[in-house]
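The values are calculated or read from the model by the stated rules, or taken from the named source; none is laboratory data. Computed from a prediction, not measured in an experiment: that's the story for all the values here. Don't worry about glycine lacking a Cβ; one is built from the backbone with ideal geometry, like all the others, and counts go over all protein chains shown.
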Amino acid sequence: MKAKFTFVFILLQVFAFCQVDTSYSQIDTTEIDSFQIAYQEFSKIIALDSTDTNAYIERADLISGAHDEAYFKTIFGNDEIYNQAMTDYDKAVELSPYNYKPYLKRAILKDRFLRYKEAVKDYEEALTYAYVFDNKMKIRVHRARIKAKLGAYDVAIKDLEKALLEDRENAVLLNTLALIHLDIDDIEKALKYLNRSLEFHPEDAYTFANIGYVALHAGKYQKAINIYDDQIKKDASYSFMFNNRGFAKHKLGQHEEALEDISHAIELNRLNSFAFKNRAIINFFLDKNEAACEDLQQAKKLGYTTEHNDEVIKMLFEKCLNVNKKPK
């Protein structure tokens, strides 16, 4: 079974196919009360002024968990909440049809709920009305990433290369271009863009992480471990680095060390569905089947299958459901 390692799209607000180093927080009564208070405050503002675009956006952000990854994981795929937030974003677009921000916010929500074709249209509208350079660049990266996700790799690459002519040092553009090239197995160009990113940003941890990802992709596991070792020595707070290093160790037969790394990745980020899935694979290898099945259930709960592929569901069906176990 192939373990999944992590590539990192940096500085983006969308986490549809990357791991995010977000601290886990248990949802308790205090947080629920805080949510209700904030919701009521935004609703009061809207009741006093039904033309306040920002209030609609802020309330929609609150409903959809735009700034709270832990909350978003609990409502991911919930159409009722999606539609409730979308109603506010739609109203914001209606009130400010020439403002890029409502379109961008609406696109991000569609993007996070994997409604990619709809998201592209809103990203394009947002780009039409964005005049600030940094905003235009951010939207271009979003749009190109989604086009690549939809299989339009050539269009995505041309879009980002055009943007790069305007901002040749932009680490986000360079990393995104690299990862799109890697997705079509063009390792040479992927490394070209990552190395260019390091020329301008020699200490950028995300670029190094993605160079490690390229090494993993190419089967150069010890090289990947060396890269992650160096980065972890500098900053040991990134969950995805421990997860990726653990994957490489597993491939080299260092299963106990791999398990330790991936367990630490989960400690750093309890929302890391990749790490739960990878730990399950190693636990199966070590005949810790009960623990492995628990990890697969957690990966599924955190949206791994919906956001990425059906690997977790397949493993659950093959290894964890009693109905599939043949009687001896």
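Figures for the structure shown
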{"item": "Tally, over segment 141-160, of residues that are assigned to a helix (DSSP H, G or I) and within 17 Å of the chain's Cα centre (by Cα)", "result": "9"}
{"item": "Odd one out for TYR98 among (1) in a helix (DSSP H, G or I); (2) over 15 Å from the mean Cα position of the chain (by Cα)", "result": "(1)"}
{"item": "Residue that is basic (Lys, Arg), modelled with pLDDT under 95 and not assigned by TED's automatic domain parsing to the domain that holds TYR71, where the choices are LYS249, LYS162", "result": "LYS162"}
{"item": "Some residue of segment 217-229 being closer than 30 Å to ARG115 by Cα and of a type outside the set (S, T, N, Q)", "result": "yes"}
{"item": "Single residue of SER197, SER96 found to be outside the structural domain of TYR228 (by TED's automatic domain parsing), more than 28 Å from TYR56 (Cβ to Cβ) and hydroxyl-bearing (Ser, Thr, Tyr)", "result": "SER197"}
{"item": "Top-ranked residue of segment 85-144 - restricted to ones that are of a type in the set (Gly, Ala, Ser) and within 15 Å of ASP167 (Cβ to Cβ), ranked as surrounded by the fewest Cβ atoms within 10 Å (Cβ to Cβ)", "result": "ALA130"}
{"item": "Filter pass, ALA66 being crowded, with 17+ Cβ neighbours inside 10 Å, aliphatic (A, V, I, L, M) and assigned to a loop (DSSP other than H, G, I, E, B)", "result": "yes"}
{"item": "Members of segment 180-222 that are assigned to a helix (DSSP H, G or I) and β-branched (Val, Ile, Thr)", "result": "ILE180, ILE187, THR207, ILE211, VAL214"}
{"item": "Single residue of ILE37, ILE46, ILE32 found to be of a type in the set (A, V, I, L, M), surrounded by fewer than 20 Cβ atoms within 10 Å (Cβ to Cβ), at pLDDT 95 or above and more than 19 Å from the chain's Cα centre (by Cα)", "result": "ILE46"}
{"item": "Test result for ALA291, among the aliphatic types (A, V, I, L, M) and surrounded by 24 or more Cβ atoms within 10 Å (Cβ to Cβ)", "result": "no"}
{"item": "Options ASN278, ASN226: the member that is under 23 Å from ASP185 (Cα atoms) and surrounded by fewer than 17 Cβ atoms within 10 Å (Cβ to Cβ)", "result": "ASN226"}
{"item": "Tally of residues being touching a helix residue (DSSP H, G or I) at 6+ places or on another chain (Cβ under 8 Å) and over 17 Å from ARG245 (Cα atoms) across segment 271-293", "result": "8"}
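Quick grid of which residues meet (1) over 30 Å from ILE75 (Cβ atoms); (2) among the acidic types (Asp, Glu); (3) modelled with pLDDT of 95 or more:
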{"site": "VAL214", "(1), (2), (3)": "yes, no, yes"}
{"site": "TYR221", "(1), (2), (3)": "yes, no, yes"}
{"site": "LYS233", "(1), (2), (3)": "yes, no, yes"}
{"site": "MET241", "(1), (2), (3)": "no, no, yes"}
{"site": "ALA258", "(1), (2), (3)": "yes, no, yes"}
{"site": "ARG279", "(1), (2), (3)": "no, no, yes"}
{"site": "THR306", "(1), (2), (3)": "no, no, no"}
{"site": "LYS319", "(1), (2), (3)": "no, no, no"}
